[in-house]
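For reference, the structure discussed in these notes is given below.
The values are calculated or read from the model by the stated rules, or taken from the named source; none is laboratory data. Bear in mind the structure is a predicted one, so any value in this text is a computation, not a measurement. Heads up, the Cβs are rebuilt from the backbone with ideal geometry, glycines too, and the neighbour counts pull from every protein chain shown. Heavy atoms of the whole protein, side chains included, go into the accessibility calculation; ligands, DNA and RNA do not. Shrake-Rupley method; radii C 1.70, N 1.55, O 1.52, S 1.80 Å.
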Amino acid sequence: MTKKGSMKPGKKNKAEEPELEPLCCCEYLDRNGEKNHVAACLCDCQDLDEGCDRWITCKSVQPETYERIMDTISDRLRIPWLRGARKVNISLLPPLFLLPVFLRVASWHFLLGVVVLTSLPVLALWYYYLTHRRKEQTLFFLSLGLFSLGYMYYVFLQEVVPRGRVGPTQLALLTCGLLLILLALCRAKKDPGYLRNPANDDRSLSGSQTEYLNRTGPEKPKGFPGADPAGGLNNRGPKDEPKGCPRTSAGSPATGKEDWCAKCRLVRPARAWHCRICGACVRRMDHHCVWINSCVGESNHQAFMLALLVFLLTSVYGITLTLDTICTDRSVFTALFYCPGVYANYSSALCFTCVWYSVIVMGGMAYIFLIQLINISYNVTEREVQQALRQKTGRRLLCGLIVDTGQYNRGFLRNWHQFSTLGTHPFHHPAEDIV
């Protein structure tokens, strides 16, 4: 009797567990965890209807309504895929349509080119500060960078190569440079050195459950006195450790003051920081780069520098080939600023506009590359530079272009040797380096 009674609850629980039905190619789980269909993307749009009604009646629309409308659009914008429709990130789409339109409009006249090419960096910076202030991940800049590479190469093949001044060897070199950029970007997009907490790993979640949890976000830790609500760093000693939370070490040395991350619930080694955009701690974090939509840390810093270097060399080479083709008998520097008759032909005007667009982008990347070279030479990360400037603990040189914290600087050659061996083996810091 006891055996029978003990079997009944097990059968009951097994019967109560609902079996998850497989999703067809057009079905998905929406942000509320309910099953929905791609064909119903225009149904039950209360926020959009309310926004349209207020716009038609000339009434102001609340910012919260705009956010709900964008959330609804981003949740329902999907394409059919195996085992459920895949979400399409809205931030991927604007560069695909706006960049060709802007560049072709700028090719109509010299003044239009000045206005458009001046406004593009302003709009990009505005969008960067908007997303950076909200601490949001965005694929806009990654999409803009990749599409810019593809579109510049397309214009080069369509407008420059047919003129006969670019040989097969030159075209092959330019193509190899483009492929090397993509390979370096793929390597830089990999794990930058995230610190993992084994206690928080949950491998029993299915794909749909993981997607739903990623949308709702991780549960905020409770019971952390003194924790930064904005996700900032929180240094603690052992006595300040909250009760009930396991203290997991992530390669921290035994000596020195431990750095406790209240978000990831682990002890970080020296020079590791928490990225509020990625939501994880990164070893030797330099900065969060919007162009790769990832952090630059110990494991991908070398690939990031390689991508910048190859991009600059390939851009200079492509600009030189283009200017030699559309502005003959002139030096590259002279043709960049004075190329008479270039707007008489629309094809030449489009090439000249793309050249100046490439120069603007290359200038921004060259500045980032220069700052990185200086930081590596002084063995300091961009995150440490910003902290030293806020706390006024760094030594500023060359009008603030160089910031030397002095904490990890071991000399030019040793600093570059340490950078060249990042990720190959754990680097043991002296006792005075432990934070």
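Residues that are within 16 Å of F156 (Cα to Cα) and of a type in the set (A, V, I, L, M) within the stretch 343-357 comprise A349, L350, V355, listed in sequence order. Applying the criterion of at least 3 residues that are within 23 Å of G297 (Cα to Cα) and out of contact with any Gly (no Cβ under 8 Å at 6 or more places or on another chain) to the helices (runs of 4 or more DSSP H) found wholly in the stretch 317-431 leaves 346-377, 382-391, 412-420. The requirement of being within 30 Å of G150 (Cβ to Cβ), surrounded by 15 or more Cβ atoms within 10 Å (Cβ to Cβ) and of a type outside the set (D, E, K, R) is not satisfied by L111. Being among the small types (G, A, S), closer than 23 Å to V296 by Cα, open to solvent by 20 Å² or more (accessible area, probe 1.4 Å) and assigned by the TED database to the domain that holds V361: is that true of G145 here? Considered against the rule, which asks whether it is among the small types (G, A, S), closer than 23 Å to V296 by Cα, open to solvent by 20 Å² or more (accessible area, probe 1.4 Å) and assigned by the TED database to the domain that holds V361, G145 comes out as yes. Across the stretch 167-195, the qualifying residues are those that are open to solvent by less than 20 Å² (accessible area, probe 1.4 Å) and more than 13 Å from N300 (Cα to Cα), and the one among them that is modelled with the lowest pLDDT is L195.
Among the residues making up the stretch 265-290, those that are part of a loop (DSSP other than H, G, I, E, B) and buried (at least 22 other Cβ atoms within 10 Å of the Cβ) are P269, R271, A272, R283, R284, M285, D286.
The single condition among (1) in contact with a helix residue (DSSP H, G or I) (Cβ under 6 Å, 6 or more places away or on another chain); (2) on the phi > 0 side of the Ramachandran plot; (3) of a type outside the set (S, T, N, Q) that Y343 does not meet is (2).
For the stretch 327-349, the tally of residues that are under 26 Å from L309 (Cα atoms) and surrounded by 15 or more Cβ atoms within 10 Å (Cβ to Cβ) stands at 3. So which residues in the stretch 126-142 are assigned to a loop (DSSP other than H, G, I, E, B) and open to solvent by less than 30 Å² (accessible area, probe 1.4 Å), if there are any at all? Of everything in the stretch 126-142, just one residue is assigned to a loop (DSSP other than H, G, I, E, B) and open to solvent by less than 30 Å² (accessible area, probe 1.4 Å), namely T138. Please verify whether I69 is under 26 Å from T131 (Cβ atoms) and at pLDDT 75 or above, treating the condition exactly as stated. For I69, the condition - under 26 Å from T131 (Cβ atoms) and at pLDDT 75 or above - is not met. The numbered conditions (1) assigned by the TED database to the domain that holds F156; (2) surrounded by 13 or more Cβ atoms within 10 Å (Cβ to Cβ) are all true for V101 except (2). Can we say C354 is farther than 26 Å from L149 by Cβ, surrounded by 20 or more Cβ atoms within 10 Å (Cβ to Cβ) and not assigned by the TED database to the domain that holds F412? The answer is no for C354. Determine, yes or no, whether A366 is in contact (Cβ under 8 Å) with a residue 12 or more places away in the chain, open to solvent by 20 Å² or more (accessible area, probe 1.4 Å) and not charged (D, E, K, R). Criteria met by A366.
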